[in-house]
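Novice: I am attaching a structure below and will ask some questions about it afterwards.
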Amino acid sequence: MVYATLVLISAWSIGSVCSDLGTAAYVIGAVDGVMSPIALPIITFILSAFIALATGTSWGTMAIVTPIVVPLAVNMGTPLPIAISAVLTGAVMGDHCSPISDTTVMSSTFAGSDHIDHVRTQLPYAVTVALIAAVCYVLAGFGLPVILDLVIGAGILYGTLMVLSNMSAKSQGITFPLPAWNAKTTKKEN
């Protein structure tokens, strides 16, 4: 807990310094007329994921990025729930994949697995969901209602899981529907 507490204190300190330096106002001025409100959610998601991956802390990333993105979203007219969720989900995704994250280190330690093997096994799952989230953030940037965006994201996730499951089953020689299941159902019908 000492490490996590130190990371949070450091992140709050960096957040205070960014606030005192007027980082949000600087960023707003720098991107004014250059970046579209459509691009803000996906760029925020990617940057938050990268910062969390590099630093190993989702909380620290949230403390640093949120005070910059919220005024930027207000200035650009991007809906706040979308901008804030891009920060939160990007930070959690990057933290989840980071080999220096305290939660990743603790997970592999308590599971008794090799740390790098643990990180490698998490990456395909996290990247798959991150790509689907990225598609949803692009749709949200174009103004798609949040509930419709969530339904589309859930549908893409379900479809992706079905395709990957079938690919995995075929590589193992398993076909669907399972022959044993068909035999049981035909016996019940007769």
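Novice: Extending each Cα 7 Å along its Cβ direction at D114 and S16, get the distance between those two points in nm, one decimal.
Specialist: Roughly 4.3 nm, to one decimal.
Novice: Same structure again: Would you kindly state how much longer the chain becomes between N75 and L123 on full extension, computed as 0.36 nm times their sequence separation minus their alpha carbon distance, in nm to one decimal?
Specialist: 13.8 nm is the gain from fully extending N75 to L123.
Novice: Turning to a different aspect of this structure: Kindly identify segment 32-124 as rounded, prolate or oblate by the Cα gyration tensor criterion: order the square roots of the eigenvalues as a ≥ b ≥ c, call it rounded if a/c is under 1.5, otherwise compare a/b with b/c, prolate if a/b is larger, else oblate.
Specialist: Here segment 32-124 falls in the prolate category.
Novice: Another one. Roughly speaking, what is the stretch gain from L161 to M106, that is 0.36 nm per residue apart minus the C-alpha to C-alpha distance, in nm to one decimal?
Specialist: 17.0 nm
Novice: Quick check: the distance between the Cα centres of segment 83-116 and segment 125-146, to the nearest angstrom?
Specialist: Each part reduced to its Cα centre gives a spacing of 20 Å.
Novice: Separation between the S171 and V146 pseudo-spin-labels, each 7 Å from Cα along Cα→Cβ, expressed in nm?
Specialist: Simple spin-label model gives 3.7 nm for this pair.
Novice: Let me ask you something else. Sort 77-84, 95-102, 63-70 by packing, meaning the average of other beta carbons within 10 Å per residue, with the highest value first.
Specialist: Listed from highest to lowest mean packing, they are 63-70, 95-102, 77-84.
Where a number appears in this text, it was derived from the coordinates with a stated rule and is not lab data. It should be emphasised that the depicted structure is a prediction, and the values quoted were computed from it without experimental measurement. Cβ: placed from backbone, ideal geometry, glycine included. Neighbour counts: every protein chain shown.
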